[in-house]
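Each remark here refers to the structure printed beneath this line.
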There are 2 protein chains.
Amino acid sequence: MKAEIIAVGTELLLGQVVNTNATFLSEELAGLGIDVYYHSVVGDNAERLESLLELADQRSELIVLCGGLGPTEDDLTKQVTAAHVGQELVRDEVGYQNLLSFFEKRQRPMTENNLLQTLVFKEGISLQNSAGLAVGIFYTSIKGNHYLLLPGPPSELKPMFYHEVVPLLQKQFQKEEQLISRVLRFYGIGESQLVTDLADLIQGQTNPTIAPYAKPNEVTLRLTVKTTDETEAITQLDVLEAVIQERVGEFFYGYGEENSLANVVVDLLKEKQQTLTAAESLTAGAFQSALGDISGVSEVFLGGFVTYSAQTKANFLGIDRDFLEQVGTVSQACVEQMALHARKLAQTDYSVAFSGVAGPNELEGQPAGTVWIALASEQGVHSQKYHFSRDRSYIRHSAVMAGLDLLRRELLNK
Amino acid sequence: MKAEIIAVGTELLLGQVVNTNATFLSEELAGLGIDVYYHSVVGDNAERLESLLELADQRSELIVLCGGLGPTEDDLTKQVTAAHVGQELVRDEVGYQNLLSFFEKRQRPMTENNLLQTLVFKEGISLQNSAGLAVGIFYTSIKGNHYLLLPGPPSELKPMFYHEVVPLLQKQFQKEEQLISRVLRFYGIGESQLVTDLADLIQGQTNPTIAPYAKPNEVTLRLTVKTTDETEAITQLDVLEAVIQERVGEFFYGYGEENSLANVVVDLLKEKQQTLTAAESLTAGAFQSALGDISGVSEVFLGGFVTYSAQTKANFLGIDRDFLEQVGTVSQACVEQMALHARKLAQTDYSVAFSGVAGPNELEGQPAGTVWIALASEQGVHSQKYHFSRDRSYIRHSAVMAGLDLLRRELLNK
C-alpha cells in the first residue's frame, strides 16, 4: 500500500504553522504497515490542489488530505476532491446534529457557512469529529484509489485518526498479515542515548521493528510485529521487550500511545488509596494542572498551593519569614518546608513542592533552570536538585515531569 | 518569483522528524517577497527525487532542496540534482580545507566518504557551512530555473540561509517590493463568525490580504501588504484595521504572532500596578500556570489556591462547610465566596475563581462543560456562568481563557 499525505493550507506555505500532521500521520501509517512515499503542501487554491490530486492518483493508492474542511471560503479541500472523483456532497446527519447542539449550548447563532463542515461524499464513509465540527471522509474511487480527508487542527485530527480511521483502515486493508504494536514510554533518558543503547537491536531490525520517537521530556519506542499469528507475535514482542527492559528498563514508566507520567502517577495513587497535595513556586500550578487533566483524579488529589512569592510561602503555608529570608526561596531548606507545610495543611499522604528559577533571568544568584523538588510523606521529606535547560516554558515543563517521576518512584518502592 | 521547497529524507516520511525546515524557509522566503507554492517531502530515493525535480521544473522558478548533502550512502540530493541539470561535481576548496581542519582538530581520521560533502556544481555558487561540513549550492540552469541545495540539520541550514543565501537572493532577485504584516488577535468569536462578519473584505482581498487562522479558543487575522513604500503600507494597514475593528473590535485583544491573553493581562496588571490571586477548582492550577509562563509575572502575581475538593475549599479558603453543602460547589454562591476568600487571604487587588464540571461525567446534576467564574476586587464580586464543550482538556482550557478575558475587560474598564 503506497500512501501520500497532502496538507492544504496557505498558512503552511507562509511558514506560520509547522506541518506536524504529516509527521503524526506518517508515524501512525507506518505503524499500520502503510508506506508513505510523499508529503506535499499546497495553499488554499483549487487549481493547484487539483493538479496535486492528479499527480497523487498516478503514484499512490491511499491519498490522505488534511486541512481545508472548515467553514471559511479558504476551505476547499472537500469541494475540490469531490469534483475530482465525481462525488456529490450531501449532509451528514450525525455531524449536522452535532453542529446544532454545539451552537445551542453556546447560545450563539449558527451562521450558514458552518453547514459546509457537515457535507460529506454521497458514497463515502463519514468520520465523526469528537473535538470539532468538521466531519471527515473516507472514499474509495471506481479506479480503486482511497481518499482520506481529515481536519487540519491536530486537536481534531488526532482523535479522529485514532477513533475513526484506524479501525476503518484495519478493516479495509485487512490482510492475513496484521500488525501488532506495543508502545513503551521512557522518562529520564534522551532519544540519542536510548538509540545508542539499543543500536544493535535497531540496526538489525526487520520484524519486529523498533521506532523511537522523542517528545518533550520523554521518549517512546514503538515495537511492531507483522504477523499471521497473534499469539506468536505477542511472544515475539515479549522477548524483544525483555531485552530492551534489561538495558534501559530503569527509565521505563508505562505502556501505550495515550498514556502519560501524570496518568501513571494518578493510577498508582488510586491503587494504593493515597492522596496528594502540592506547593508550587516556579511551576505556578502546572504540576497540579497536569494531574487535573486526568479524569477521576478527584479521588486522590484534593487541592494545593501556588506560592510564587516569598510572601505567599509565608502566608499560605505558614513558613517562617525570617527562615525564608535566611535560606532563600531557591533552596533545599525552603522546598522541604514547602512540602511539609502543604502536606500538613492538606492532610494528605504525599506532598510535592517545587522551587526554582524559570528564567530567563537568574534569581538569588542561581542560573535559570536551577530547580529544587521535595517530596514529603509520613516517612518525612527528601528533595533533589535539578539543572534544566532551554526556555522558560520548557524548564517549567521539565520540573513538572521530574516531580511526577519522583513521586512515581516513591510510590513504586512502597 | 514562484518557489517550492523539497525536503529529502526517509526519516521525514516515517514521522521521526518534523519538517521544520520547510516552515523556516517559507517564512524567510515570504519575508524576501518570494512566494512559496508547494512543499514536498521525498525519501532517500534517486528515482522519486528525479520525478519531483521534473515536476518542479515545470511549476517553479526557484527550487529549494534541503537534506541529503551528508556523507552517507543515503545522501544523494547533490548527485541526483547534478545529473538532472547536467552539472559536473567538483571539489570546493574552502569546504575541503574546512573538512581537513575539522578532523585535524579532533585528531580523528577522516574517512573517504566525507569528501562527498565538499563536492559542488562546477558552474554553481558554493555556500559555506559555518556549523557543519556539507557545502551548499546555488545554481541557475540554462532554462533559467534556480536551484538551492541546503543541508538538512536546522542548526546548519539556518546560519547558511542567513549568512550565505539571503545576500545572494537579495542580489539575484532584488526587487523594490517587500511584505509588511500585522497580526490581530481575537477572543470570544469563532473563526466562522469572524469570517462571516468580514466576508466582503476577505472576498475582495488582493493587497492587503487578510488571512484568518483558528487556534484553540482564539482566532488571529494576519493583514499583509506587498509594497515598495513602507510608510504608505502602514497607512494601508491602518485603514484596513480600522474597518475590521469597527466590526469585530469588541473581540480584539492584542497584536502580534507571539502574544497571548495571559500576556495582555499581565501587561495590564503591571501597567496599573495591580496584583492578582486565584482559586481554582476544575482548572486545577491551569489559570495560574498560564500566568506563570509569562516572564516577569512575579511583579503582579504572588500565588493562589487549587481547591479541587469541597474539603480544600473549606480548609484552604475558610469557606463554611455547611454553606458549601447547601449551595453545592458548582454554583454562583460558591465561586463568589472562593474569589472573595482568596483575595482576602492573598491580600491582592484582584482575585479570579473557577468552579465547574470538567467531565467526562456530570457533577451535582450539572453537565460537563458547566463552569462558573467569579472576579473579586475592591468593588466587590461578580460572576458569570459558561457552557463549554468538547473534551476535559478543552473545557479546562476554555475556562482559563474565559477567566483571563473577564479580568482583561475589568482592567480595561478601570
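The values are calculated or read from the model by the stated rules, or taken from the named source; none is laboratory data. Just so we're clear, the structure is a prediction, and the values are computed from it rather than from any experiment. Glycine gets a Cβ as well: all are built from the backbone with ideal geometry, and neighbour counts include every protein chain shown.
Being surrounded by fewer than 21 Cβ atoms within 10 Å (Cβ to Cβ) and in the same structural domain as residue A:20 (by TED's automatic domain parsing) narrows it down to one of A:135, A:94, so name that one.
A:94
Among the residues that make up region A:139-148, is at least one of them part of a helix (DSSP H, G or I) and in contact (Cβ under 8 Å) with a residue 12 or more places away in the chain? Working first, answer last.
Step one: of region A:139-148, the residues part of a helix (DSSP H, G or I) are none.
No, that holds for no residue.
Name every residue in region A:154-188 that is farther than 21 Å from residue A:206 by Cβ, touching an Asp or Glu at 6+ places or on another chain (Cβ under 8 Å) and not in a helix (DSSP H, G or I), in order of residue number.
A:185, A:186, A:187, A:188
For residues that are acidic (Asp, Glu) and either farther than 24 Å from residue B:195 by Cβ or touching a strand residue (DSSP E or B) at 6+ places or on another chain (Cβ under 7 Å) (or both), tally how many sit in region A:112-133.
1
So the check is Cβ under 8 Å with 6+ separation or different chains; which pairs have a first residue in region B:314-337 that's closer than 17 Å to residue B:352 by Cβ and a second one that's of a type in the set (D, E, K, R) and crowded, with 17+ Cβ neighbours inside 10 Å?
B:319/B:313; B:329/B:313; B:334/B:313
Could you list all residues from region B:255-276 that are in a strand (DSSP E or B) and buried (at least 17 other Cβ atoms within 10 Å of the Cβ)?
Within region B:255-276, the subset in a strand (DSSP E or B) is B:255, B:276.
Correct list: B:276 only.
Condition first: facing chain A (nearest Cβ under 8 Å), assigned to a helix (DSSP H, G or I), of a type outside the set (Gly, Ala, Ser) and surrounded by fewer than 24 Cβ atoms within 10 Å (Cβ to Cβ). Now tell me which residues in region B:277-304 satisfy that.
The one that is facing chain A (nearest Cβ under 8 Å), assigned to a helix (DSSP H, G or I), of a type outside the set (Gly, Ala, Ser) and surrounded by fewer than 24 Cβ atoms within 10 Å (Cβ to Cβ): B:297.
Can you tell me which residue in region A:335-356 is surrounded by the fewest Cβ atoms within 10 Å (Cβ to Cβ), limited to those that are of a type outside the set (A, V, I, L, M) and assigned to a strand (DSSP E or B)?
A:350
Hey, does region A:26-45 have a residue that's surrounded by fewer than 21 Cβ atoms within 10 Å (Cβ to Cβ), out of contact with any strand residue (DSSP E or B) (no Cβ under 9 Å at 6 or more places or on another chain), on the phi < 0 side of the Ramachandran plot and not acidic (Asp, Glu)?
Within region A:26-45 (the criterion being surrounded by fewer than 21 Cβ atoms within 10 Å (Cβ to Cβ), out of contact with any strand residue (DSSP E or B) (no Cβ under 9 Å at 6 or more places or on another chain), on the phi < 0 side of the Ramachandran plot and not acidic (Asp, Glu)), the answer is no, since none of the residues qualifies.
Of the residues A:141, A:126, which is over 16 Å from residue A:67 (Cβ atoms), within 28 Å of the chain's Cα centre (by Cα) and more than 14 Å from chain B (Cβ to nearest Cβ)?
The conditions single out A:126.
Can you find a residue in region A:307-316 that is more than 7 Å from chain B (Cβ to nearest Cβ), touching a His at 6+ places or on another chain (Cβ under 9 Å), assigned to a helix (DSSP H, G or I) and crowded, with 24+ Cβ neighbours inside 10 Å?
yes
Return only the number of the condition from (1) farther than 25 Å from residue B:266 by Cβ; (2) outside any loop (DSSP other than H, G, I, E, B); (3) free of Cβ contacts under 8 Å to residues at least 24 places away in the same chain that residue B:393 does not satisfy.
(1)
Please go through region B:250-266 and give me each residue that is closer than 20 Å to residue B:397 by Cβ and at pLDDT below 95, ordered by number.
Listed by number, the residues that qualify are B:257, B:258, B:259.
Do you know which of the residues in region B:87-115 that are outside any helix (DSSP H, G or I) and modelled with pLDDT of 95 or more is nearest to residue B:145 (Cα to Cα)?
The extreme case among them is B:87.
On the basis of being in contact (Cβ under 8 Å) with a residue 60 or more places away in the chain, in a helix (DSSP H, G or I) and closer than 30 Å to residue A:243 by Cβ, does residue A:195 make the cut?
No: the conditions fail for residue A:195.
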